[in-house]
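Peer 1: Sharing a structure here in structure tokens format.
The values are calculated or read from the model by the stated rules, or taken from the named source; none is laboratory data. Note that the coordinates shown come from a computational prediction; the quantities given were computed from them, not determined experimentally. FYI the Cβ positions are ideal-geometry reconstructions off the backbone, even for glycines, and counts take in every protein chain you see.
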Amino acid sequence: MRPTHSDAGYTLLELLVAVAIMAMIAMPLGAGIHLGIDVWRKTASKADTFERDMLVRQRLESWLASAYPFDINRRLDLRLYPFDGTPDSLTFVAPTAPDPRANSLNRIQLSVTDGKLTAGFTPDPQSYDVSAPVESTTLLDGVASWSLAYLDGVTDPANPKWVTSWTKHFGLPQAVKIKLSFKDAHRTWADLVAPLVVTEWSHCAFDEVSRACRTGADAG
């Protein structure tokens, strides 16, 4: 008995045509999948960058808000001012530990080099020693430009004005303004204005022997 046409199956030509049609359908689908993956990766990368920028912004604001009006007479043979600000660099002393009662004073140095915003840290009790080693970390990369300004409320307290430097002052400026731009035009940074609110280091009882703050029960 000869097989009918329905029992004979597909011919080789029919299979090749079917495979070609399926390939034609799969090509745009594959391209769409790859496009979707690329978009997802770029979106995730931008979200990670934005989150990092916001965390750095919050950290800078926190450090500046707790900037310590360093005692310039801490060493009789050295006069070190509590705050040294220029148009493109900033050095100040602030606690970096979450607990302000801890002996966590650091001299913090902020600057931009080769497109990277870096922070250098020198811990207490070496924070008054300008020759002490500095531990540096990169906060932001891809920086195109940055500038600093300082709110002077000392020269004319009734009319505070922004100035481009704050050096050799006994006290701190009222606020610091950080302007920053990135090489990536889609990455933005609104001007950060951080007030400096600390007037004294209430948890520090300086010990002349150890050259460090005595805290807690030891400070009594």
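Peer 1: How about the range 95-142: which of its residues are within 18 Å of residue 85 (Cα to Cα), modelled with pLDDT under 80 and polar (S, T, N, Q)?
Peer 2: Within the range 95-142, just 127 meets the criteria.
Peer 1: Take the residues of the range 143-169 that are surrounded by 12 or more Cβ atoms within 10 Å (Cβ to Cβ) and in a loop (DSSP other than H, G, I, E, B): which is modelled with the lowest pLDDT? Working first, answer last.
Peer 2: Going through the range 143-169, the residues surrounded by 12 or more Cβ atoms within 10 Å (Cβ to Cβ) turn out to be 143-154, 160, 162-166, 169.
Remaining after also requiring in a loop (DSSP other than H, G, I, E, B): 153-154, 160, 164-165, 169.
Values: 153: 88, 154: 84, 160: 93, 164: 95, 165: 95, 169: 80.
By that ranking, first place goes to 169.
Peer 1: Condition first: farther than 21 Å from residue 196 by Cβ and either among the aromatic types (Phe, Trp, Tyr) or under 23 Å from the mean Cα position of the chain (by Cα) (or both). Can you find one or more residues in the range 145-165 that meet it?
Peer 2: Applying the first criterion (farther than 21 Å from residue 196 by Cβ) to the range 145-165 yields 145.
Retained after the next criterion (residues that are either among the aromatic types (Phe, Trp, Tyr) or under 23 Å from the mean Cα position of the chain (by Cα) (or both)): 145.
Yes: the range 145-165 contains one or more residues that are farther than 21 Å from residue 196 by Cβ and either among the aromatic types (Phe, Trp, Tyr) or under 23 Å from the mean Cα position of the chain (by Cα) (or both).
Peer 1: In addition: Looking at the range 127-148 only, could you name the residues that are among the hydrophobic types (A, V, I, L, M, F, W, C) and without any contact (Cβ under 8 Å) to a residue 60 or more places away in the chain? Even if it seems obvious, please write down each step before you answer.
Peer 2: Restricting attention to the range 127-148, the residues satisfying the condition of being among the hydrophobic types (A, V, I, L, M, F, W, C) are 130, 132, 134, 139-140, 143-144, 146, 148.
Hits for the range 127-148 are 130, 132, 134, 143, 144, 146.
Peer 1: Checking the structure you have, find out if any residue of the range 189-202 is modelled with pLDDT under 95 and more than 18 Å from residue 62 (Cα to Cα).
Peer 2: Among the residues of the range 189-202, not one is modelled with pLDDT under 95 and more than 18 Å from residue 62 (Cα to Cα), which makes the answer no.
Peer 1: Working only within the range 15-73, note down all residues that are at pLDDT 70 or above and aromatic (Phe, Trp, Tyr).
Peer 2: Result: 50, 63, 68.
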